[in-house]
1. Can you tell me how many residues in the range 148-180 are farther than 20 Å from Arg98 by Cα, touching a residue at least 60 places away in the same chain (Cβ under 8 Å) and not polar (S, T, N, Q)?
2. Could we say that Ser84 is over 24 Å from Trp51 (Cβ atoms), small (Gly, Ala, Ser) and surrounded by fewer than 17 Cβ atoms within 10 Å (Cβ to Cβ) here?
3. Tell me, which residue of the range 49-97 that is of a type in the set (Val, Ile, Thr) and in contact with a Pro (Cβ under 8 Å, 6 or more places away or on another chain) is modelled with the lowest pLDDT?
4. Can you spot a residue in the range 151-161 that is β-branched (Val, Ile, Thr), more than 24 Å from Ala38 (Cβ to Cβ) and either modelled with pLDDT under 95 or buried (at least 18 other Cβ atoms within 10 Å of the Cβ) (or both)?
5. Filtering the range 1-43 down to residues that are among the polar types (S, T, N, Q) and over 22 Å from Gly158 (Cα atoms), which residue is modelled with the highest pLDDT?
6. Determine if the range 93-103 includes at least one residue that is under 19 Å from Ile66 (Cα atoms) and of a type in the set (Ser, Thr, Tyr).
7. Could you say which residue among Val176, Val134 is surrounded by fewer than 16 Cβ atoms within 10 Å (Cβ to Cβ), aliphatic (A, V, I, L, M) and either in contact with a helix residue (DSSP H, G or I) (Cβ under 6 Å, 6 or more places away or on another chain) or farther than 15 Å from Ala88 by Cα (or both)?
8. Taking Asp94 as meeting all but one of (1) without any contact (Cβ under 8 Å) to a residue 12 or more places away in the chain; (2) of a type outside the set (Gly, Ala, Ser); (3) farther than 18 Å from Gln123 by Cα; (4) surrounded by fewer than 10 Cβ atoms within 10 Å (Cβ to Cβ), write down the number of the exception.
Amino acid sequence: MSLLAIYRHHASSRAASLPGQHSQRLPELITSDADLIAEELASRGIRFQRWPARANLPAGADQATILAAYAEEVGRVQAEGGYSTVDAIRLHPDHPDRDSLRQKFLAEHVHSEDEVRFFVEGQGLFCLHIGEEVIQVVCQADDWIAVPAGTQHWFDMGPQPRFCALRFFHNPEGWVAQFTGDPIARSYPLLDQVLAPTG
């Protein structure tokens, strides 16, 4: 289930938390309604869509099979955005570099091009720092998101990552980030905390 949480963030609240800790913040809005998620994100310049599931796509499908299954949607996104490169990234809990990759993605950063992802399997948490807001989006299978170039953000794949996502690039070198050095990510929930049951 996709999830959106919007927090009000002020510079004075940037406490020097220890890694893995966050202050007890309450979101101003939290919803799992896909239409409302798309509407709220669109008002902030973020595109979000739910693509039709491919019931005949086998679990663990390779990149070629995934691209063939979603050829219509991939072609449309490439044509609209001029993305020359599309690939598939897959991470499992037994990935040897999962911890170092997680820490790298958790540091706030920006890109010189849009960050465009489609989740084929699993889930991940995008955290967008826009003005005085932090917007957290749990993307799950069939979610497509496009974060504009220059948007401050971070991403959490969780301590036991399990996802496959298509990535769209202008730059043939793929994922290139400029890190801001801001420890803001330490002040907000991580993927497993966002998804933890309450009550």
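The values are calculated or read from the model by the stated rules, or taken from the named source; none is laboratory data. These numbers come from a predicted model, not from an experiment. In this analysis, Cβ positions are derived from the backbone assuming ideal geometry, glycine residues included, and neighbour counts consider all displayed protein chains.
1. Count: 5.
2. Values: over 24 Å from Trp51 (Cβ atoms): no; small (Gly, Ala, Ser): yes; surrounded by fewer than 17 Cβ atoms within 10 Å (Cβ to Cβ): yes.
Against the criterion (over 24 Å from Trp51 (Cβ atoms), small (Gly, Ala, Ser) and surrounded by fewer than 17 Cβ atoms within 10 Å (Cβ to Cβ)), Ser84 does not qualify.
3. This residue is Thr85.
4. Scanning the range 151-161, I find no residue that is β-branched (Val, Ile, Thr), more than 24 Å from Ala38 (Cβ to Cβ) and either modelled with pLDDT under 95 or buried (at least 18 other Cβ atoms within 10 Å of the Cβ) (or both), so the answer is no.
5. Among those residues, the one meeting the criterion is Ser43.
6. There is no residue in the range 93-103 that is under 19 Å from Ile66 (Cα atoms) and of a type in the set (Ser, Thr, Tyr).
7. Numbers: Val134 fails: surrounded by fewer than 16 Cβ atoms within 10 Å (Cβ to Cβ).
Just a single option satisfies the conditions, and that option is Val176.
8. Of everything listed in (1) without any contact (Cβ under 8 Å) to a residue 12 or more places away in the chain; (2) of a type outside the set (Gly, Ala, Ser); (3) farther than 18 Å from Gln123 by Cα; (4) surrounded by fewer than 10 Cβ atoms within 10 Å (Cβ to Cβ), Asp94 misses just condition (3).
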